[in-house]
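Structure first, commentary second.
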Amino acid sequence: MMQKAKFIWNKIENLLFIGFAASILYLTINSFIDGSLKSFIGMGYLNDMADPIQKKIYYQSVMALLSMLTTFFLLVEMIRLFIKMHPFKNVNYKVTELKASMVGQPFMKRIAILFDRVGKVSFVREFFRRYKSTFLAKVFNEYISKLIIIFVYIEMMPFFQQFALFTVDRSWYGWLYAYLMWELTYWIWHYAAHRVRLFWCLHSPHHAPAEMNLTVAWVHFFAEGYYTAAIQVPLLMILGVRPEMVAIILVIDGTWGTFIHAGEDAFKNGKLWVLEKLFITPSHHRVHHAKNPLYMDTNFCVLLPFWDWLFGTLQNEKDEVKIEYGITREMDVTNFVDFYFGECICLYKDLKSTNGFKNKLYLLFMPPGWTPESREKTAVVVRQQFLAGQEHLGKTSRDFIIEKFKS
Ligand SMILES: [Zn+2]
Ligand SMILES: [Zn+2]
């Protein structure tokens, strides 16, 4: 009975995915072509980039360029997948075979055979593996989380501004201060999201994809916006950041935050030459999405790596350690329920099988992998064990400075 329900639900998920993928792709391609073509007559993307320059709002031009690049990369990723897997190879033979298997079958059976065959094409399988859950997450999140964010930022900011210790001015160092404070508060919630099991349940969908591509940027648990804003907004207001600064920072953070999810198919090494010393790059964020012991729970920042560097959570991509994406638990990425709610289900099961109120409470707030018996499976211990004897892999310039001071 349960098995049958699961089977039917999976078919429903697949159909929803096909529908949403078709419409999202149609809209994306359409607006990309539109924006590009209009550039020839001084509108579209060209206008989006040139207009802010005239108004001297330069960051908007950079953001417009980045959004255009991101859309372009998104399409490149998919086209390259298509070329790599060439689904139309031997198509004549396949069609003849398909027709033969349908002969004499009733109409509904023919449809079933057709879907079954298409589902077995390796390109289709890979497309589902990469994009099904990320596309469904996008649709699922689209409205719910946006409403939350709007409420939180519009209602909460003026309230907490009353408690501001001071207010920064709009000079360049005021902006730098504001951005650093944004990154600090971001680092705090993101760190908590990885180190507190309860929060990890909400953050894990973002880490569930087994492949890096731009659609991964869409995946966030819809309720994540609640507590991230509850942590960031009061702190930012108390630390003297102006609400209008937060509004602009949100745009920059969102655009850069999407761009750093470019996968290897769009942006091979993901590094930005010397800029990678100053900014978080796609390479840094690939490390953040890796499940390798060396990479787990590192690189929490979005644009400026400063706090990661200072707190010792910065990890550069190493040639010796090839990135493996995803989370350490066995899971089926094409099963949306497992992808989105899997960690919640695991926590629920662990809570049920753990004895004692205190242990249950610990289970909620200790890092993922913790059990009353051992800490062996937590990311910190796993990483330490991996680094034993090859400490150089995990070091940054911060560690060299500390060593200099010590000696
Ligand atoms: Zn994360
Ligand atoms: Zn990410």
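The values are calculated or read from the model by the stated rules, or taken from the named source; none is laboratory data. Everything numeric here is computed off the predicted structure, so don't read it as measured data. Methodologically, a virtual Cβ is constructed for each residue, glycine included, from the backbone with ideal geometry; neighbour enumeration extends over all protein chains shown.
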Please pick out the residue among 343, 324 that is under 14 Å from residue 288 (Cβ atoms), modelled with pLDDT of 90 or more and acidic (Asp, Glu).
324
Condition check for residue 375: at pLDDT below 95, out of contact with any Asp or Glu (no Cβ under 9 Å at 6 or more places or on another chain) and outside any helix (DSSP H, G or I):
yes
If you take the residues of region 274-294 that are within 13 Å of ligand 2 (Cβ to nearest atom) and assigned to a loop (DSSP other than H, G, I, E, B), which of them is surrounded by the fewest Cβ atoms within 10 Å (Cβ to Cβ)?
289
Can you name the condition, by its number, that residue 94 falls short on among (1) of a type in the set (D, E, K, R); (2) within 30 Å of residue 261 (Cβ to Cβ); (3) at pLDDT below 85?
(2)
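Residue-wise test of (1) at pLDDT below 95; (2) in contact with a His (Cβ under 6 Å, 6 or more places away or on another chain); (3) part of a helix (DSSP H, G or I).
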| position | (1), (2), (3) |
| --- | --- |
| 347 | no, no, yes |
| 355 | yes, no, no |
| 367 | no, no, no |
| 371 | yes, no, no |
| 399 | yes, no, yes |
| 402 | yes, no, yes |
Residue pairs meeting the criteria (Cβ under 8 Å; at least 6 apart or on separate chains; first in contact (Cβ under 8 Å) with a residue 40 or more places away in the chain and closer than 22 Å to residue 269 by Cα, in region 212-233; second within 14 Å of ligand 1 (Cβ to nearest atom) and assigned to a helix (DSSP H, G or I)):
212/286; 216/206; 217/257
